[in-house]
Amino acid sequence: MLQFWNFFIKNSKFTLLLAASAALFGLVAAAQMPKESQPQVNIPIGVVNTVFPGASVEDVEELITNTIEDKLSGLDQVEEITSQSKSGISSVVVQFSADADTDEMIGDLKDAVDLAKIDLPDEANDPIVRQVSLDDQPFLTLALSGPFDVAQLKVYADELKSEIERVGNISAVQILGGRDREVQVVVNKESLDNFNLSLPAVVQAISQANSDIPIGSIITGGEEFSLRFAGRLASADEVANVAITAIDGVPVFVRDIATVSDGYTEPVKSVQLSTAGASAEAAVSIRVFKSDGGGDVTKIAAEIIELSKTVSAERFPGAVSVQTTENLADYIQEDLTGLMRNGIATVIIVSLLLALFLGWREALMAAIAIPMSFLITFIILFYAGYTINFMTLFSLILSLGILVDSTIVINESLNKKMLTGKPAREAALESVKELQFPLITGTLTTIFAFLPMLLTGGMMGQFIKTIPITVTAVLTASLFVALAILTTLTVVITERKRKKLKVADHPVQAEKTRFSKIFDDARTAYGVQLRSFMNSAAKRKNLKRLLIVLFILMYALPMSGILRTELFPPEDADSFAIDLQKDFGTPLEQTQLSITSLAEELYADERVASLVINSGFSGALGSQSGGGEGSHLAHIMVNLNKDRDQASFDV
């Protein structure tokens with residue numbers, strides 16, 4: 001092992017070239033690594049969504065959900081199957097064992113669903129199978145508002161959505177709120193009877209002309225029937241001119257038996273926006289989802305925000321406002337800024353201490369060690385396929401105070417040996433010889449304290465494995481920097497000055513003597529106290545009793561609940577959600593009234609920057625599968641001012 005470290009010291013040009021290359025490639029790796037809010041975790045959960053246009057909840061449950069569940073019940077390594085049936089849509093969630101091969105299980109799930117297609121109604125769309133991912137959460141949410149009705153805002157949102165979908169690494173763009181245009185056909189029963197036609201004949205004629213399966217519902221009331229649909233027929237006139245049949249060679253058109261008119265769908269979701277304490281106005285939200293493992297979320301978010309400003313300025317009226325209401329990229333950028341700030345503070349503090357007590361050369365070496373260790377770590381993580389996310393940043397910050405230990409120890413040894421008059425190269429070789437095994441052992445001890453986290457199974461194990469890997473990479477890099485790079489740099493700098501450092505003429509000697517007196521006095525006082533304990537049996541017994549009591553208290557605090565335990569502390573975020581759930585079946589208008597009344601209580605709060613008031617879905621909607629929807633659900637997204645005095649969890 002000694003020969004390994006000596007190789008770098010004796011071949012200084014190679015070592016300096018290696019250090020420069022590591023710094024360059026580390027910068028490239030840090031820039032190229034994808035930046036995400038969450039680490040990539042392979043979640044063993046599959047979702048099967050099936051749309052059954054116009055079907056009631058009972059029909060969806062009986063004809064779709066139960067059929068699919070029967071086919072999925074024979075799959076291997078399935079822990080749980082849950083389902084949700086709603087009007088027109090079925091959602092079946094399959095949770096596999098944590099140790100299952102997810103790719104293989106999702107493939108088996110798709111095969112089972114293909115078999116179930118045979119038994120599904122012809123009117124039902126093909127089931128869509130997808131794997132749940134942490135990227136199902138939208139990383140960016142925009143809100144369009146202005147003095148327009150929600151139908152017009154929806155038109156603007158659709159236009160912006162089409163532009164956003166062209167951005168790379170986007171898996172889906174979801175619009176919430178607004179009302180879609182539709183054509184309503186009100187069929188007169190008396191006219192149907194006069195032409196000896198049936199309602200299914202009208203539905204079939206429109207379906208064939210439209211080429212798409214109609215959606216919505218048929219409303220029966222008195223003498224009239226209503227039909228709503230969406231498809232290629234673009235206007236009420238086109239629908240009215242659809243031929244249903246021919247009697248004695250004379251075609252019968254839809255207009256002959258029904259009233260056709262343009263209209264809008266009934267709202268199923270509602271979005272309102274309040275800024276700077278103003279009353280809420282109608283809005284439409286656009287949620288953007290990132291593809292799995294694709295791209296740098298900070299760059300993607302910045303590109304979309306810039307794109308939205310351009311589209312708004314060039315295509316929308318000036319009264320239309322496009323605001324960013326949620327941006328996870330901001331949190332990642334804040335974490336990166338925090339890491340840089342903590343790193344700079346650590347470099348300054350360590351450098352000042354070393355400059356005061358050892359010398360400027362040792363301070364310079366420590367200032368180099370921290371960024372060099374991080375850059376080497378970025379290279380390791382980049383080629384290992386990891387991303388920069390909050391777990392990676394947490395691990396880097398955790399390692400920040402540990403990685404300088406090896407640097408300080410090796411610098412202190414070099415300083416002492418050079419003060420005795422030894423040449424820099426000889427001092428470096430001797431320091432490495434004496435300290436390599438203590439430093440390696442100390443580093444491995446710290447690493448082994450984190451490595452057991454790799455043994456954690458399930459999704460949690462995948463989630464936290466970034467911590468031991470990142471800490472191991474940082475500490476290993478810091479050890480290499482201390483024993484190979486910094487020792488070589490010290491030798492090169494010293495030899496270039498062509499000085500043989502001696503105790504008598506070492507320029508740092510006088511400075512060291514001034515500050516060493518403080519430590520000499522402290523060391524003397526500590527020695528007096530230590531000898532008094534060693535020479536007194538009574539003091540030793542009292543110390544043992546005190547340590548036993550403290551040991552018991554240490555374990556009693558978390559066990560008694562006085563000291564709370566949690567995986568991660570609460571985060572001071574710039575936004576949070578307030579959820580509202582009323583009785584199932586509550587009309588959307590009533591839910592909207594309740595959530596708006598609650599939001600009005602927050603208008604005057606100076607800590608609040610803006611409110612996004614959502615009705616028809618819960619704050620947990622995040623997934624593209626559409627979970628958490630219903631007219632009885634609502635939530636308020638509260639965006640706080642950045643210059644507030646309180647943390648978000650206190651607000």
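What to note about this one:
- Our summary gives the chain a relative contact order of 17 percent, counting only alpha carbon pairs under 8 angstrom and 6 or more residues apart.
- Sum of side-chain charges, residue 302 neighbourhood, beta-carbon under 12 Å (Lys, Arg +1; Asp, Glu -1): -1
- Pairs with C-alpha atoms separated by more than 22 Å, drawn from the list 86/290; 71/110; 86/154, are 86/290; 86/154.
- Of the solvent-accessible surface of the chain, computed with a 1.4 Å probe over protein heavy atoms with every protein chain present, carbon and sulfur atoms account for 57 percent.
- In a simple Cβ point-charge model (Lys, Arg +1; Asp, Glu -1; nothing else charged), the chain has a dipole of about 6740 debye relative to its Cα centre.
- Per residue value of the accessible surface for the chain (all protein chains in place, 1.4 Å probe), Å²: 51
- Taking a straight line from the alpha carbon of residue 161, these aspartates and glutamates sit under 19 Å away, with near neighbours fewer than eight places off in the same chain left out: 135, 136, 149, 180, 303, 306, 314, 326.
- Other residues lying with their Cβ under 15 Å from the Cβ of residue 7 contribute a combined charge of +4, Lys and Arg counting +1, Asp and Glu -1.
- With contacts taken as Cα pairs under 8 Å and at least 6 residues apart, the range 117-204 reaches a relative contact order of 20 percent.
- Equivalent-ellipsoid semi-axes of the chain, from the Cα gyration tensor, Å, largest first: 67, 26, 26
- Calculated [222 nm] ellipticity per residue, helices only, for the chain: -16000 deg cm²/dmol; basis is -39500 (n - 2.57) per DSSP H run with n ≥ 4, divided by all residues, nearest 500.
- Backbone geometry of the range 368-384 corresponds, through the Karplus equation with coefficients 6.51, -1.76 and 1.60 at θ = phi - 60°, to 3J(HN,Hα) couplings of 7, 4, 5, x, 5, 5, 5, 5, 5, 4, 4, 4, 4, 5, 4, 6, 7 Hz, x marking Gly and Pro.
- Burial order of peptide ranges 296-308, 524-536 (average beta-carbon count within 10 Å, highest first): 296-308, 524-536
- Relative to the dominant Cα principal axis of the chain, helix 199-210 is inclined by about 50°.
- Here the range 420-464 is treated as an ellipsoid with the same Cα gyration tensor; its semi-axes, largest first and in whole Å, are 40, 9, 6.
- With K and R counted +1 and D and E -1, the other residues having a Cβ less than 15 Å from that of residue 118 yield a net charge of -4.
- Ranking 341, 425 by solvent-accessible area of protein heavy atoms (1.4 Å probe, all protein chains present), from largest to smallest, gives 341, 425.
- Counting only alpha carbon atoms, the long axis of helix 588-600 and the longest principal axis of the chain meet at about 40°.
- Order of exposure, largest accessible area first, which applies to 615, 198, 87 with probe 1.4 Å: 87, 198, 615
- Net lengthening on full extension, residue 533/residue 604 (0.36 nm per residue, minus Cα-Cα): 19.2 nm
The values are calculated or read from the model by the stated rules, or taken from the named source; none is laboratory data. Bear in mind that the values here come from a model prediction, so they are computed numbers and not experimental data. Please note: Cβ atoms are built from the backbone with ideal geometry, for glycine as well, and neighbour counts cover all protein chains shown. Heads up: the accessible areas ignore ligands, DNA and RNA and are worked out on the full protein's heavy atoms, side chains in. Shrake-Rupley method; radii C 1.70, N 1.55, O 1.52, S 1.80 Å.
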